[in-house]
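Here the structure comes first, spelled out in structure tokens, and everything after it is commentary.
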Number of protein chains: 2
Amino acid sequence: MGKSNLDLVKECDRFPYHQDDPAFYASHLQNYHALKVTGCDAVLGYILNSVVHKFPWPQGHWAIDAANRTVTLVTGPDATPAQRSAQVAQTLAEAVRQDTFQLLRGWRNEMYPVYGPGGEFLFEMERSATPLFGVVSYGVHATCYVDDGHSTGGGLRLWIPRRSRTKQTYPGMLDNSVAGGMSSHEKPFECLVREASEEASLPEEVTRANARAAGCVTYFYVRGANAGGETDLLQPEVEYIYDVKLGADVVLKPCDTEVEEFHLLSVEETQQALANGEFKPNCAVVLIDFFIRHGILTAENEPDFLEIQARIHRRLEFPTASHAMI
Amino acid sequence: MGKSNLDLVKECDRFPYHQDDPAFYASHLQNYHALKVTGCDAVLGYILNSVVHKFPWPQGHWAIDAANRTVTLVTGPDATPAQRSAQVAQTLAEAVRQDTFQLLRGWRNEMYPVYGPGGEFLFEMERSATPLFGVVSYGVHATCYVDDGHSTGGGLRLWIPRRSRTKQTYPGMLDNSVAGGMSSHEKPFECLVREASEEASLPEEVTRANARAAGCVTYFYVRGANAGGETDLLQPEVEYIYDVKLGADVVLKPCDTEVEEFHLLSVEETQQALANGEFKPNCAVVLIDFFIRHGILTAENEPDFLEIQARIHRRLEFPTASHAMI
């Protein structure tokens, strides 16, 4: 018996829901401190208590309230994003110097944004550190496919890459055609164009002509061992979704070292690989969303249809981005 | 200034979220009793306290627990769905006899299902009564459209009907091409085929050949004055979604008396009508979902993109259907 689609969704959307068991949810929250910044009421992420205790918080930059379990980035009332970001960077530099966290050994040199209510850009931090703070991270996922026109999916084949076996995270697992994290100040579509070129050798003009925005998936991931670094860290995520229908003449191939090889798989082959657990968890979620939008998974053939649809569009506890404003 | 897409979503998804304000949510729940049945732990719906007090509950069939705010349909431990349904029917018959609720004057003679955990069919009740119990109701919505092939939506036109001005609910408002409630034992696709024929004169073979399942939207509606009957009743809803791409030769026209006329509107005309508040609330949600899936609303042009996506796929507090099992 392979994994069901709901099993796959649950591997990705792992944080408990208040509505399922209010008492358990309340007690579970006691494992975390809430991340805040001066001047903003919103909780921006959940930090595992063990991380709070280990962190070499620089004096004066942070207020740790053990009773209320909050960690607040302390700044003047008129602090700019650059000032907040500098304080966070200084904090992380000290943690790296002391080698406090395994996670930071995978330093990416890439900045990820943190937003407040209304999509206000508050600050940015090194990508590899985001799970320490449990802040929302953003990415793009595209499913590249060819389709000879059968509406029920019979003629549809998907471009599926295998991750490099030497990659730090999820080595050797199957992935989505194009997937990547969004840095600060990047917008989803431009991120897609960049990643499609870098990861799949897809020329910019081909991506621009063929990619169609198709929504997003959101889920609340809890990192396990195969994510690399400390486990049980939180990673609430937003992935902007694109469908890229390609002609049979376009061939995806690796460009950088992240992908080993691309294969054109039928829907059945892809579903078998999903059931076998061969896909990176969040790629499974994106494919399930693709199959639902394309009429391949339906209320009549998927017993957990409604639970899946709700969980892959989870309303996160934290403020999120608004790319139309920036 | 017209209504934003998020304004439209909020008109439909009106029940508060725990995560937005736990204290307010907890106090708000005190306005309701939880609906339960013997032998099942799950809460099946929320009944407004004023409804609980007014209802002529037949002796012995119901247990009202004022302290815990529960209303339980009391049966033997091995009760069948038919036995539960008979008790509910008897209860409603008495309420009709006493003319207790305006809502029941709109008796539909149509049975709606109520499910327990795992999609177990527990009982059915008269459609018009479901908001009294706040149970989840199910329907199908299809967007029929023509598309000359512009991928960004420029060539896309949608078949939009106007509801009859004499209809009990939402008279004269714009609607979706095909929309209807699902009765007990009905499955989504067959419901669509029936409604498309009844409401839009779409021949069965045209619907079967052209309709593609495209997911669902879910939201927690609170009934206002234009829904008819008592206000503030709860109506958590699941709508199974279909896209029906039609050739330019197919013309939708009214068949029964529910629809006044059909028009083929451009995306811009449809969006203008949405902003003007001309659509029935849940039809707006379905169109917004359509525009997101078709790349017309994107993260770059819709400031509330993430909030909208999460709220139109709300994870309801109650058990829901599983049509793949029945």
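The values are calculated or read from the model by the stated rules, or taken from the named source; none is laboratory data. Treat the numbers as computed from the prediction; the structure is a model and nothing was measured. Virtual Cβ from ideal backbone geometry, glycine too; neighbours counted across all protein chains shown. Surface accessibility is based on the protein's heavy atoms, side chains included, excluding ligands, DNA and RNA. Shrake-Rupley method; radii C 1.70, N 1.55, O 1.52, S 1.80 Å.
The coefficient of translational diffusion for segment B:18-131, derived via Stokes-Einstein from the alpha carbon Kirkwood radius under 37 °C and 0.692 mPa s, stands at 219 µm²/s. Helix B:81-97 and the longest principal axis of the Cα set of chain B meet at an angle near 90°. Database remark: amide H of A:Phe121 closer than 5 angstrom to the amide H of A:Gly116 (H placed geometrically; neighbours at sequence offset of 5 or more, or on other chains; Pro and chain starts carry no H). Each copy carries a label point for B:Ala26 at 7 Å from Cα along the beta-carbon vector; from one copy to the others these points are 0.5 nm apart, nearest first. Sequentially through segment A:159-172, phi angles give Karplus couplings (6.51, -1.76, 1.60; θ = phi - 60°) of 7, 10, x, 9, 5, 4, 6, 9, 5, 4, 10, 6, x, x Hz, Gly and Pro residues having no value and appearing as x.
Partners of B:Lys245 within straight-line reach, counting lysines whose Cα lies under 17 Å from its Cα and excluding those fewer than 8 residues away in the same chain: B:Lys253. In this structure, the pairs whose alpha-carbon distance is over 19 Å, taken from A:Lys10/A:Lys54; B:Lys167/B:Lys280; B:Lys10/B:Lys280; A:Lys54/A:Lys167, are A:Lys10/A:Lys54; A:Lys54/A:Lys167. By the helix-only formula, in which each DSSP H run with n ≥ 4 contributes -39500 (n - 2.57) and the sum is divided by residues, chain A has a 222 nm mean residue ellipticity of -8000 deg cm²/dmol. Amide H to amide H, with H built 1.01 Å from N, A:Cys144 comes under 5 Å of A:Trp159, A:Ser177, A:Val178, A:Val244, counting only residues 5 or more places away or on other chains. Taking a label point 7 Å from the Cα of A:Glu110 along the Cα→Cβ vector, which residues of segment A:196-218 have an amide N closer than 12 Å to it? Hits in segment A:196-218 for A:Glu110 at 12 Å: A:196, A:198-199.
Panel note: contact residues of segment B:264-292 (accessible area lowered by at least 50 Å² against the chain on its own; 1.4 Å probe) are lacking entirely. A crude spin-label estimate for the pair A:Cys40 and B:Glu120, with each label 7 Å from Cα along the Cβ direction, gives 4.6 nm.
Taking the alpha carbon gyration tensor of the protein assembly as shown, multiplying each eigenvalue by 5 and rooting it gives semi-axes of 42, 32, 23 Å, largest first.
Per-atom-type breakdown for the protein assembly as shown gives carbon and sulfur 49% of the accessible area (1.4 Å probe, protein chains only).
Among B:Arg163, B:Arg212, B:Arg97, the largest mean-square fluctuation in a Gaussian network model of chain B, built with springs joining Cα atoms closer than 10 Å, belongs to B:Arg97. When Lys and Arg each count +1 and Asp and Glu each count -1, what net charge do the other residues less than 9 Å away from B:Arg108, Cβ to Cβ, add up to? That sum, taken over residues with Cβ under 9 Å, equals -1.
Could you work out the local net charge near A:Pro203, counting Lys and Arg as +1, Asp and Glu as -1, over the other residues with Cβ closer than 14 Å to its Cβ?
Numbers: positive: A:Arg194, A:Arg208, A:Lys253; negative: A:Glu195, A:Glu198, A:Glu199, A:Glu204, A:Glu205, A:Asp249.
It works out to a net charge of -3.
Compactness of segment B:286-326, taken as the C-alpha radius of gyration over 2.2 N^0.38 Å, stands at 1.51.
Simple spin-label estimate for A:Thr100 and B:Ala86 gives 6.8 nm between the two label positions (7 Å along the Cα-to-Cβ direction from each Cα). Accessible surface area normalised per residue over chain A is 39 Å², counting heavy atoms of protein chains with a 1.4 Å rolling probe. Taking every residue in B:11-22 and counting other chain Cβ atoms within 10 Å of its Cβ, the average works out to 2. Relative intensity of chain B on a log10 scale, I(q)/I(0) at q = 0.13 Å⁻¹, equals -0.99, per a Debye sum over C-alpha point scatterers of equal strength in the absence of solvent.
Considering the rotation that superimposes chain A on chain B, the residue of A whose beta-carbon lies nearest the axis, and that distance in Å, is A:His313, 2. In this label model, B:Glu269 and B:Asp147 are separated by 1.9 nm, measuring between points 7 Å along each Cα→Cβ vector. 3J(HN,Hα) couplings calculated from phi for segment B:178-193 with the Karplus curve 6.51 cos²θ - 1.76 cosθ + 1.60 (θ = phi - 60°) are, in sequence order, 9, 7, x, x, 9, 6, 3, 6, 8, 9, x, 5, 5, 4, 4, 4 Hz; Gly and Pro show x. Electrostatic bookkeeping for A:Thr143 treats Lys and Arg as +1 and Asp and Glu as -1; over the other residues with beta carbon under 15 Å from its beta carbon, the sum is -2. Counting Cβ atoms of other protein chains within 10 Å of each residue's Cβ and taking the mean over peptide B:211-219 gives 6.
Between identical copies, the spacing of A:Glu278 label points, each set 7 Å from Cα toward the C-beta atom, reads 5.1 nm from nearest to farthest.
Can you give the alpha-carbon Rg of segment A:95-187 over 2.2 N^0.38 Å, where N counts its residues?
Rg over 2.2 N^0.38 Å, computed on Cα atoms: 1.44.
For B:Phe279, the residues whose modelled amide H falls within less than 5 Å of its own, excluding neighbours fewer than 5 places apart on the same chain, are B:Leu174.
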